Amino acid sequence: IPFAVANSICSFDETDFAGGVGNWPYTDADFSRIDKSDDTRFYDSPRFVTHIDDNAISALTDYYELEMSNKKKGEIDVLDLCSSWVSHLPEQNDIITYGKVVGVGMNEEELAKNKQLTEYYVQDLNKEPTLSRFEDDSFDVVCNVVSVDYLTNPLEVFQEMHRVLRPGGIALMSFSNRCFATKAIAMWLQADDIGRLTIVASYFHYSAKWSSIEAFNLKDAPLKTPDRPSFGEMFSNPAAGFAWASTASAVAKSNQGDPMFVVKGVK
């Protein structure tokens, strides 16, 4: 199992929300978007790019491996919502073995390029939020990478996630601070990172009776830049100056990477 940084930020319970399950507090205005055009037009052309940096991708994959290594023995069935040409799942190993890995996304060319998917379906969850093609209790893991901010019908989607998960199954909603601002919902754009964690946690809470809801920060605390040698030290030992500059540059690059958050719901 790799070294995975998964710092728990907080757990949520019923007292953290104004109402109980089913008392949906949001209005249409909360889900309004700058670009109200049909999403199929926006996603018509494939984008073979990643929307988070390499360090964030590595942190997410390591976190997935940590979570999946804790699952039951045997094959793990995964549903990747808002899927694309890459799912960031760990490779199979002695501990993790996949059964079916199903992608649901917007662009067929992207989905067809995803080598981890055993099957895929083109579906606009904002038009058709139900997952009726899947039976109850049919997946161990449901994931969604940096796309929860685009959902305009999250109540129905999260209800369906709960339905298709097996008892003890996990839903992992990950996001960073990047997005297509014209397609993200209004209340997402108005919130900070903590506010966005709370928004996603509330989707879990109001949609169904989840056994637990927890928020994680997948990036470690910022690294400390080493003290710069004095000019005298660098003059007498130029190698020390070069070593400091190289280390300081690496630290700065690491600290400037994309943040990575996950809200985890357990059925």
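The values are calculated or read from the model by the stated rules, or taken from the named source; none is laboratory data. This is a predicted model, so every value here is computed, not measured. Cβ sites come from the backbone with ideal geometry, for glycine too, and all protein chains shown count toward neighbours. Please note that ligands, DNA and RNA were not included when accessible areas were found on the heavy atoms of the full protein model with its side chains. Shrake-Rupley method; radii C 1.70, N 1.55, O 1.52, S 1.80 Å.
Values (i) 41, 18, 16; (ii) 35, 22, 20; (iii) 35, 19, 17 are given for comparison; semi-axes √(5λ) of the Cα gyration tensor in Å, derived from the coordinates here, is the one labelled (ii).
Using 27 Å as the Cα-Cα cut-off, could you pick out the over-long pairs in Lys127/Lys209; Lys71/Lys115; Lys73/Lys127; Lys73/Lys264? The partial results should precede the final answer.
Numbers: Lys127/Lys209 25 Å; Lys71/Lys115 23 Å; Lys73/Lys127 36 Å; Lys73/Lys264 20 Å.
Those over the limit are Lys73/Lys127.
Counting protein heavy atoms only, the chain has 52 percent of its accessible area on carbon and sulfur, 1.4 angstrom probe.
Between Pro167, Ala191, Tyr150, the Cα set farthest toward the positive side of the dipole of the chain (charges on each charged residue's Cβ, about the Cα centre) is that of Ala191. Of all aspartates and glutamates in the structure, those lying under 12 Å Cα to Cα from Lys183, and not within fewer than 8 positions of it along the same chain, are Asp35, Asp38, Asp39, Asp149. Radius of gyration (Cα atoms) of the range 1-157, expressed as a multiple of 2.2 N^0.38 Å: 1.13.
Heavy atoms of the protein chains alone define the surface here; on that basis the range 53-95 has 46 Å² accessible area per residue at 1.4 Å probe size. Relative to the Cα centre, the charge distribution of the chain, modelled as +1 at Lys and Arg Cβ and -1 at Asp and Glu Cβ, gives a dipole magnitude of about 300 debye.
Working note: Debye formula, equal point scatterers on the alpha-carbon atoms of the range 52-141, no solvent; log10 I(q)/I(0) at q = 0.10, 0.17, 0.23, 0.26 Å⁻¹ is -0.27, -0.77, -1.24, -1.37. Here each label is just a point 7 Å from Cα along the line to Cβ, and for Lys36 and Asn237 those points are 6.7 nm apart.
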